[in-house]
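Enquirer: Here you go, one structure.
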Amino acid sequence: DSNSLLSANANLSAINVQISNLQTTQTLTLLKASKHYTRILQYNRWRPPTAQFVPREWWMYAINCILYEVKKRLKSRKVKTLSYITARGRWRKEYCGLYEKHLNNEKMTKKQREKMAAIEE
């Protein structure tokens, strides 16, 4: 392009790059900071606008951040059918009974232990 200040074409088959330990550390620190900054931006919409510490506003901030994560996780799941929901209820009821046995150190059969492990997964 005739308007560009610098134009370059390069056809390289291999480039050897050496970086020091300090450069590696700084790069990793930059990546961590970038990830942290992205997370801050994600929750910034609920951050209290005041510079003063107002407990109620900060509690609302924490609650909204957690609710956002929960809603995001729920949205990512597939739509549940009625049969899945009823089966889930049966699993929960069965698991509660098995876990109560476990807490009371009651003897459990191998099948019961396997069932409990399967539900936990």
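Enquirer: With θ set to phi - 60°, apply the Karplus curve 6.51 cos²θ - 1.76 cosθ + 1.60 along segment 98-115 and write out the HN-Hα couplings as whole Hz, x wherever there is a Gly or Pro.
Expert: These are the phi-based 3J(HN,Hα) values: 5, 5, 4, 4, 4, 5, 8, 6, 7, 5, 10, 6, 4, 5, 5, 5, 5, 5 Hz.
Enquirer: So what's the angle, to the nearest 10 degrees on a 0 to 90 scale, between helix 55-76 and the longest Cα principal axis of the chain?
Expert: 80
Enquirer: Something else about it: Taking all protein chains as present, what is the carbon and sulfur share of the accessible area of the chain, in % to the nearest whole number, probe 1.4 Å?
Expert: Carbon plus sulfur share of accessible area: 57 percent.
Enquirer: At 222 nm, what value in deg cm²/dmol follows for the chain if DSSP H runs of at least 4 each add -39500 (n - 2.57) and the sum is divided by all its residues, to the nearest 500?
Expert: Result for the chain: -22000 deg cm²/dmol, rounded to the nearest 500.
Enquirer: Right, another one. Which lysines, if any, have their Cα less than 21 Å from the Cα of K72, not counting same-chain residues under 8 positions apart?
Expert: Partners found: K35, K80.
Enquirer: Continuing with this model, one more query. Would you list which lysines come within 24 Å of K101, measuring only between C-alpha atoms, while excluding same-chain residues fewer than 8 positions from it?
Expert: Here the lysines satisfying the reach criterion relative to K101 are K93, K110, K111, K115.
Enquirer: Quick check: from the Cα gyration tensor, does segment 62-121 come out rounded (a/c under 1.5), prolate or oblate?
Expert: Because a/c hits 1.5 or more and a/b exceeds b/c, segment 62-121 counts as prolate.
Enquirer: Still on this model: Give me the dipole magnitude in Debye, nearest 20, for segment 12-76 about the Cα centre, with unit charges on the beta carbon: positive for Lys and Arg, negative for Asp and Glu.
Expert: The dipole of segment 12-76 has a size of about 320 debye.
Enquirer: A further question on this structure: Dipole of the chain, Cα-centred, from +1 at each Lys and Arg C-beta and -1 at each Asp and Glu C-beta, to the nearest 20 debye?
Expert: For the chain, the charge dipole is close to 860 debye.
Enquirer: Another one. Any idea which of L22, Y95, N9 is furthest toward the positive side of the dipole for the chain, if Lys and Arg beta-carbons carry +1 and Asp and Glu beta-carbons -1?
Expert: The Cα lying farthest towards the positive end belongs to Y95.
Enquirer: Assuming 1.306 mPa s and 10 °C, estimate D for the chain with Stokes-Einstein, Rh taken as the Kirkwood radius over Cα pairs, in µm²/s.
Expert: The calculation lands on 73 µm²/s.
Enquirer: Accessible area per residue of segment 74-121 at 1.4 Å probe, in Å²?
Expert: Computed with neighbouring chains in place, this is 96 Å² per residue.
Enquirer: With the crude spin-label approximation of a point 7 Å out along Cα→Cβ, what separation in nm comes out for K107 versus L82?
Expert: Distance between the two pseudo-spin positions: 4.3 nm.
Enquirer: Also, I was wondering about something else. For segment 24-78, run through the trypsin sites (Lys or Arg not before Pro) and keep only the ones in DSSP coil with at most 16 other Cβ atoms within 10 Å of their Cβ. Could the numbers behind the result be given before it?
Expert: Working: sites: K32, K35, R39, R45, R56, K71, K72, R73, K75, R77, K78; in loops: R77, K78.
Of the trypsin sites (Lys or Arg not before Pro), the ones in loops of segment 24-78 whose Cβ has at most 16 other Cβ atoms within 10 Å are R77, K78.
The values are calculated or read from the model by the stated rules, or taken from the named source; none is laboratory data. In this text the structure is predicted, and so the values were computed from the model without any measurement. A quick note on method: Cβ atoms are made from the backbone with ideal geometry, for glycine too, and the neighbour counts reach across all protein chains shown. Protein only, heavy atoms only, side chains kept; ligands, DNA and RNA dropped before computing areas. Shrake-Rupley method; radii C 1.70, N 1.55, O 1.52, S 1.80 Å.
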